[in-house]
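Engineer: This structure is in structure tokens; I'll ask about it shortly.
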Amino acid sequence: MTPPRVEKAKQGTGSVDAARDQILRSIRENLARSARDAVTHAPSDHAPPKPRVPSPEPLDAVERFTSQLEAVGAHWTLVRGEVEAARALRRILSDAGAKRVAGSDAPLVARVLPGRLTGLSRDELFTCDAGVTTAQWGIAETGTLVLESARERSRLASLVPPIHIALLSTNRICASLGDALARVDVTSHAITLITGPSRTSDIELTLVVGVHGPQTVHVLLLEEE
Amino acid sequence: MTFDGGVRAALGDVQLRGALRQATTLFGDRRRTALVSIPDWEATRERARAIKDETLLHLDRYLEQFTANAERAGAQVHWARDGGDACELIGRIAEQHGARTVVKSKSMATEEIHLNAALARRGIEPIETDLGEYIIQLAGETPSHIVVPAIHKTKAQIAALFADKLGIEPSDDAAALTAAARRALRRRFAEADVGISGVNFAVAETGTILILENEGNARLTTSLPRTHIALMGIEKVIPQFADLEVFLQLLPRSGTGQVLTAYQSLLTGVKRRPEDEGPEELHIVLLDNGRSRMLAAPVTRQSLACIRCGACLNACPVYRQIGGHAYGSVYPGPIGAILTPQLIGIERSAHLPYASSLCGACRDVCPVKIDIPAVLLHLRAQVIEQHAGKSRRLERVAFRCYTAVMARPRLYEWTMRVARALHIMPPLRAWTKWRDLRPLAPRSFREEWRAGLSKAGPSLARVPRARSG
């Protein structure tokens, strides 16, 4: 488990390196000091991590996922095929009165919403009424969406507008958080986990949704035709 | 203000105590409910602690591995021995990017090093964007809880504050106040060139940093500005990506009783292509500031396992009454009482190890099983050994007298007789100020015994019942 010592990177100014060396030396010296009395005080220090508790496999991942979405205050619609998805999306947007809609660069988003706006500047994005992205994974246990930057430019469209609509294929729903972490594309420079709308209880513990991020999260669950 | 003064002020503040009771009870209840959704809570705690122990025992190697992987992904890693180093590094990076304002998401580490004051001295305006932090920044105050920083302020106070500082109509609607803060902060996000955040976990295996939140301000802070600076204590590193599962199960449940907070941002380096979203530069500042010293013994080392959930605050019978400000330290509550003396030196915080009844409620709720009472006792011993507290001369004299009296039966009897005759109570003013001592019986057990108790059997009726009060 313990990694090998890493070759010291030559970088930065002398004083930066000095700080690094000093901190690492301090860590090693203090650890060496503790090694002498570690035997009596901390027998568990070297105990290997316990084996993972297997997460119970849900009978129906979609059902579990949607009930968790509701529990965290997100909306969902189950659709079959892209034509139905496009129709549902248009209805959600018109019900919300959303006119300016930012879209990610995912091909699926382009197909179901040809009129979306892409490549917006920061200021333009702030004036959008809704953002449409896909999600790469769902987590049934928690009602969570997983968005990977390596797959799609969805960081801002899922965050800045007051409504976020996410398209998710039902066969991308993982049972548990652990399953999702094992599957995500770690080459992404940003992986975002989203569980329900943005929320705060900072004023007298009163729950308010939509503080900095979207007030409404709507998941369009896409079943294969 | 002294600790005693702070405590008295807090205890006299009816509004504060009501708010504390409501918040700590709510979070405590939610936490208990949330634990049920984990198949084996105890095993998960054990595993989390084992991961932390393993990391801390090889902290140098994990930090080097993390640094190498983060740099490979395009991040720039800096090392700060203390708060001064860290403020200097962060201030210089912000200056190099010509920043007049920086947006910040909530970070206790930046509070620890007093970063806002350091940035202000350079003419850079730091803007807190977490709603609670924003409120207390507008009010010129400090956080009173590590999860809900403005827990001590009422809606009416916040409404008056926003009316004054943001020029909005006063409102008693939390949603309207929140919307006003959103509007004001959106303008700040739109113009900021540098975003500063903390870090909840850093994965050595991948060079990833993870930030948890509910509001979305950390996502904005780490994706809109062109430069992102993340400050993390060196103890935040964990070995593997898969270890995140354990900590993501523990932290939200322990902190707010949520199964998961609304957002987790897992950031690995910077964007790969120019057309990608996100900052062009990611600077990660590794902060020691007294932490490496804690590695020297297992009892102190466990303090570094803390994941800053705040569960011990909500469970602590002392914190629940006095709140965060009375402690007079950046980190309040039981965890603050063990972290602060180790970070800033026991001579400057000798009161903190005593700000506890040692009941152990903090240890019971801690998701990484830190034995906080054991560390408190260790620190109390240090206070005595280093004479860091108030002068202990009187205490030493008293104990010497006590030893002399208790070792000599005749002297003991004589002393007690005199004490009873003169109704002398031991000089324990600090104790008796808030508690009543029972009066001494007119005759001691020894006298009763000699007077025939041994033959007649117990005749306790002759001993007057002690009255309380």
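All of the numbers you see were taken from the coordinates with simple rules; none came from a lab. The shown structure was predicted, so the numbers you read here are calculated from the model rather than taken from an experiment. Glycine also receives a Cβ, built like all others from the backbone with ideal geometry; neighbour counts cover every protein chain displayed.
Engineer: For region B:255-357, what does the relative contact order come out to in percent, with C-alpha contacts under 8 Å and a separation of six or more?
Structural biologist: 19 percent
Engineer: Jot down the per residue volume, in cubic angstrom and as a whole number, of the convex hull over the alpha-carbon atoms of region B:1-156.
Structural biologist: Working: hull volume 30.4 nm³, N = 156.
Hull volume over Cα atoms, normalised by residue count, gives 195 Å³.
Engineer: Exactly which trypsin sites (Lys or Arg not before Pro) in region B:76-174 are in a DSSP loop and have at most 13 other Cβ atoms within 10 Å?
Structural biologist: Filter output for region B:76-174: B:Arg100.
Engineer: Nearest-5 percent of antiparallel DSSP beta bridges in the protein assembly as shown?
Structural biologist: Here the antiparallel bridges make up roughly 30 percent for the protein assembly as shown.
Engineer: Please state, as a whole number in µm²/s, the translational diffusion coefficient that the Stokes-Einstein equation yields for region B:126-230 at 37 °C and 0.692 mPa s, with Rh defined as the Kirkwood radius across alpha carbon pairs.
Structural biologist: Roughly 221 µm²/s, to the nearest whole number.
Engineer: Okay, next question. With a bin width of 5 angstrom, please list the P(r) values of region B:172-322 as percents of all Cα-Cα pairs, from the 0 bin to the one holding the largest distance.
Structural biologist: Computed distribution, short to long bins: 2, 8, 14, 17, 18, 17, 12, 7, 3, 1, 0.
Engineer: Quick one: Cα centre-to-centre distance for region B:131-204 and region B:43-70, in angstrom?
Structural biologist: So the two Cα centres are separated by 34 Å.
Engineer: What cysteines in chain B have no other cysteine with a beta carbon less than 4.7 Å from their beta carbon?
Structural biologist: Isolated Cys, chain B: B:Cys87, B:Cys306, B:Cys309, B:Cys316, B:Cys359, B:Cys366, B:Cys401.
Engineer: Right, something else. When the dipole is taken about the Cα centre of the protein assembly as shown, and only Lys, Arg (+1) and Asp, Glu (-1) are charged at their Cβ, what size is it in debye, to the nearest 20?
Structural biologist: The calculated dipole for the protein assembly as shown is roughly 3740 debye.
Engineer: Once you wrap a convex hull around the alpha carbon atoms of chain B, what is its projected area averaged over all directions, in nm²?
Structural biologist: 28.4 nm²
Engineer: Rounded, prolate or oblate: which fits region A:109-211, taking a ≥ b ≥ c as square roots of the Cα gyration tensor eigenvalues, rounded meaning a/c under 1.5, else prolate when a/b beats b/c?
Structural biologist: In terms of gyration-tensor shape, oblate.
Engineer: Moving to a separate point now. Which residue, A:Thr206, B:Ala75, B:Ala23, has the largest displacement toward the positive end of the dipole of the protein assembly as shown when charges sit on each Cβ (Lys, Arg +1; Asp, Glu -1)?
Structural biologist: Comparing the listed Cα positions along the dipole, B:Ala23 ranks first.
Engineer: A further question on this structure: Are there trypsin sites (Lys or Arg not before Pro) in region B:328-416 that DSSP marks as loop and that have at most 15 other Cβ atoms within 10 Å, and which are they?
Structural biologist: For trypsin sites (Lys or Arg not before Pro) across region B:328-416 that sit outside H, G, I, E and B with at most 15 neighbouring Cβ atoms in 10 Å, the list reads B:Lys390, B:Arg392.
Engineer: With just the Cα atoms defining each centre, how far is region B:364-380 from region B:274-337? Give it in Å.
Structural biologist: 14 Å
Engineer: A further question on this structure: So which aspartates and glutamates pass the test for A:Lys99, namely a Cα distance under 18 Å, with those fewer than 8 places away in the same chain ruled out?
Structural biologist: Leaving aside aspartates and glutamates fewer than 8 places away in the same chain, those within reach of A:Lys99 are A:Asp123, A:Glu124, A:Asp129.
Engineer: Still on this model: Would you mind counting up the charge near B:Leu287? Only other residues with Cβ under 10 Å from its Cβ, with Lys and Arg at +1 and Asp and Glu at -1.
Structural biologist: -2
Engineer: Take a quick pass over chain B and tell me how many lysine pairs come in under 16 angstrom between Cα atoms, counting only ones 8 or more apart or on separate chains. Let's see the in-between values first.
Structural biologist: Details: B:Lys52/B:Lys236; B:Lys52/B:Lys369; B:Lys106/B:Lys236; B:Lys153/B:Lys165; B:Lys155/B:Lys165.
Count of close lysine pairs: 5.
Engineer: Using Cα pairs under 8 angstrom and six or more residues apart, how large is the relative contact order of region A:73-225, in percent?
Structural biologist: 30 percent
Engineer: Note down the relative contact order for chain B as a percent, whole number, built from C-alpha pairs under 8 angstrom at least six residues apart.
Structural biologist: On the way: 732 pairs, mean separation 89.5, N = 469.
Answer for chain B is 19 percent.
Engineer: Then there is this: Evaluated at 10 °C with a viscosity of 1.306 mPa s, what Stokes-Einstein diffusion coefficient in µm²/s does the protein assembly as shown have when Rh comes from the Kirkwood expression over alpha-carbon pairs?
Structural biologist: Working: Rh = 27.5 Å.
Result for D is 58 µm²/s.
Engineer: While we're looking at this one, here's another question. Net charge within 12 Å of B:Arg186 by Cβ-Cβ distance, Lys/Arg positive one each and Asp/Glu negative one each, not counting B:Arg186 itself? Don't skip to the answer; put the middle values down first.
Structural biologist: Numbers: positive: A:Arg122, B:Arg182, B:Arg183, B:Arg187, B:Arg188; negative: A:Asp123, B:Glu191.
Once all neighbours under 12 Å are counted, the net charge is +3.
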